[in-house]
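Visitor: For reference, the structure I am asking about is given below.
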Amino acid sequence: MTRIIFFVVGLLAVAGCTKEAAFHTDLAMDQRVIIAPATADTVNMVVYSSSSWTMEAIDTAPWATISKGSGSGKTYATVITTDNSANLPRSARFVVKSGAKADTVQLGQKGIVPAIAITATSVAAPAAGGAIQTAINTNLPLNIMNVSYTYDANGSDWISGLQIANNSLSFNVAANGTTVARTATILLSYLDAIGSTAKDSVKVTQPKP
């Protein structure tokens, strides 16, 4: 009976070793998108490979330095990030290679939360047109925002010169050359590097002449 037990245990051990030895992967990543905190951090990325691998940066990103960029088997690739607490979120791509295989990892880093808040939901422009101003609270410059205008059926392109300065959103409205009142909507939006969106809009109304 003792010999039979030893024989069965031996078979299980051999089967276990055979199953483990059969595992093989050219290259695999534990995650393809990683979000690091805004503070300086050491980011470990799990790499699976049955042979040796290397990692290199795709994008120029001085804030993300590769401190361990090679290895073999299941191990870590390591990137060290600098502090980003006072800036908008950012991201950089890295490529991991093993033989003919390659995989891309995107590393994002949190930062300040983007904000766009226009105080008024609607502003009225005179029929004769003119400069319009309304308060806005934002930590984003206008040149990185996406700006879109939606006009009703009574004319288009009658809003111009959009600017943000001193917590004010200002723009020019052309004189209403139609015979009816008209409306338009200005939408400001921003998508940051880690996928967060900030947006707000204001409706502009203009009476008929």
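Since every read-out is calculated from the coordinates, none of them should be taken as a lab result. Note that the structure is predicted; figures quoted are calculated from it, not measured. Cβ atoms come from the backbone with ideal geometry, glycine included; neighbour counts cover every protein chain shown.
Visitor: Let me know the number of lysine pairs in the chain closer than 21 Å at the Cα, not counting same-chain pairs under 8 apart. Don't skip to the end; give the middle numbers.
Guide: Values: LYS19/LYS74; LYS68/LYS97; LYS68/LYS101; LYS74/LYS97; LYS74/LYS101; LYS110/LYS199.
So the count works out to 6.
Visitor: Still on this structure, I have one more. Using only Cα atoms, what Kirkwood radius does the chain have, in angstroms? Kindly include the intermediate steps, with their values, before the conclusion.
Guide: Values: mean 1/r = 0.0456 Å⁻¹.
After inverting the pairwise mean of 1/r, the radius is 21.9 Å.
Visitor: Can you tell me how much longer the chain between LYS208 and ASN139 gets when fully stretched, taken as 0.36 nm per residue apart minus their C-alpha distance, in nm with one decimal?
Guide: Stretched fully, the LYS208-ASN139 segment lengthens by 21.2 nm.
Visitor: From the phi of every residue in region 126-139, what ³J(HN,Hα) in whole Hz does the Karplus formula 6.51 cos²θ - 1.76 cosθ + 1.60 yield, where θ is phi - 60° and glycine or proline is x?
Guide: x, 4, 6, x, x, 8, 10, 9, 8, 6, 9, 10, 8, 10
Visitor: Take THR150 and ALA165, extend 7 Å from each Cα along the Cα→Cβ direction, and tell me the distance between the two endpoints in nm.
Guide: Each label point lies 7 Å from its Cα, and together they span 3.0 nm.
Visitor: Further, regarding this structure: Calculate, for SER201 and TRP63, the FRET efficiency according to 1/(1 + (r/R0)^6) with r their C-beta to C-beta distance and R0 30 Å; round to the nearest 0.05.
Guide: With a Förster radius of 30 Å, E is 0.35.
Visitor: With θ taken as phi - 60° and the coefficients 6.51, -1.76 and 1.60, list the Karplus ³J(HN,Hα) couplings across region 51-56 in order, rounded to whole Hz; mark glycine and proline as x.
Guide: 9, 6, 9, 9, 10, 9
Visitor: Counting helices only, and only those DSSP H runs with n ≥ 4, report the 222 nm mean residue ellipticity of the chain as the sum of -39,500 (n - 2.57) divided by its residues, in deg cm²/dmol to the nearest 500.
Guide: One gets -3500 deg cm²/dmol as the mean residue ellipticity at 222 nm.
Visitor: Can you give me the angle between helix 2-22 and the longest principal axis of the chain, using Cα atoms only, in degrees from 0 to 90, rounded to the nearest 10?
Guide: Roughly 40 degrees between the two axes.
Visitor: Per residue, how big is the convex hull of region 24-109 when only Cα atoms are used? Give it in Å³.
Guide: Considering the Cα atoms of region 24-109, their hull volume per residue is 71 Å³.
Visitor: Further question on the same structure: Looking at the chain, what % of its DSSP beta bridges pair antiparallel, to the nearest 5? Walk me through the numbers before you get to the answer.
Guide: Values: 59 of 66 bridges.
Expressed as a percentage, antiparallel bridges in the chain total about 90.
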